[in-house]
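Some notes on the structure that comes next.
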Amino acid sequence: MPNGFKSWIYYIFPKRCAICDGVVSFRETVCEDCEKGIEPISGKICVRCGHTVKNCECKRFAYHFRGIASPFPNSGATKEGIYNYKIVKNIDAAEYFGKKMAEKVLELFPNVESDVVTAVPMSRRKRGVKGFDHAEILAKAVASELGVEYRRMLAKVKKNKEQHTLSAKERFSNVKGVYVARENNYKNVLLIDDIKTTGATIDECSRQLMLAGTENVYCSTAVITTCKED
């Protein structure tokens, strides 16, 4: 693409920082100030729950999925970035988070070959209102990075309460019967969402995928929250 044309496109549709939503050059994904505030999850990680071994939550929660890879904590700069992505609809953030999620998947599950990538679904009504399915866009970005097909395999068929208003125990019961999955015979499915808190939503989606024929479900979220006891 000619540089002149690139410059013209950038002038009309400037690229946004994946964290603060400020304008950056078309060669950047994160501005210099935000780059300094990003703190990836480091140290030995429990691949089952996605937390560092120090904050492992496997004794609190039993999951159907085989493991989860999340590159960032749900705090600081990356928490701001996910908020701007979902609320301000900063689509440029999907490129950044999708790349980092794919890198974490390859790091934690080096011997797992995903057959397909899918996403935790929105209801049709909410997708219509927002005009923007943040988990699906993230999933497509991850799939592109991994060179794996993206497929919409799950549907939300029942309205439920907002998860963030509930306790950990209530979150698991709140998602029962909310999702259904298409019949399939995949060995490994990679399931994508934006945030893992208790893991209730991705766990129920994983359960439905396995009931529909999937052998193993692995997950990835952009950020992960350390839950408080409740």
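Of note:
- Using a cutoff of 8 angstrom between alpha carbon atoms and counting only pairs six or more residues apart, the relative contact order for the chain works out to 22 percent.
- The range 93-230 - percent relative contact order, Cα under 8 Å, separation 6 or more: 28
- Three principal axis extents of the range 130-189 based on alpha-carbon atoms, in descending order, are 37, 28, 21 Å.
- Kirkwood hydrodynamic radius of the chain, Cα pairs, Å: 18.2
- Note on the range 157-230: Cα convex hull, mean projected area over all directions, 5.0 nm².
- The simple spin-label model puts a point 7 Å past each Cα toward its Cβ; for residue 170 and residue 62 those points are separated by 2.4 nm.
- Percent of beta bridges antiparallel (DSSP, the range 66-209, rounded to nearest 5): 40
- For the range 131-167, the set of trypsin sites (Lys or Arg not before Pro) satisfying both a DSSP loop assignment and a count of at most 16 other C-beta atoms within 10 Å is given as 152, 158, 159, 161.
- Two-site label geometry, residue 106 and residue 124: point separation in nm, points 7 Å out along Cα→Cβ: 3.8
- Full extension of the chain between residue 215 and residue 161 yields a length gain of 16.5 nm, computed as 0.36 nm times the residue separation minus the alpha carbon distance.
- Ligands, DNA and RNA aside, residue 106 has an accessible area near 110 Å² when probed at 1.4 Å.
- C-alpha long axis of helix 200-211 to longest principal axis of the chain, angle in °: 70
- Where chymotrypsin sites (Phe, Trp or Tyr not before Pro) fall in DSSP loop in the range 9-118, at most 16 other Cβ within 10 Å: 26, 61
- 0 to 90° range, to nearest 10: angle between helix 134-146 axis and the chain longest Cα axis: 80
- Longest DSSP-loop-exposure-free segment, GluC sites (Glu not before Pro), the chain, at most 12 other Cβ within 10 Å: 1-112
The values are calculated or read from the model by the stated rules, or taken from the named source; none is laboratory data. Source: prediction; values computed, not measured. Note: ideal-geometry Cβ built from the backbone for every residue, glycine included; neighbour counts use all protein chains shown. Side chains are part of the model used for accessible areas, which takes the heavy atoms of the whole protein and leaves out ligands, DNA and RNA. Shrake-Rupley method; radii C 1.70, N 1.55, O 1.52, S 1.80 Å.
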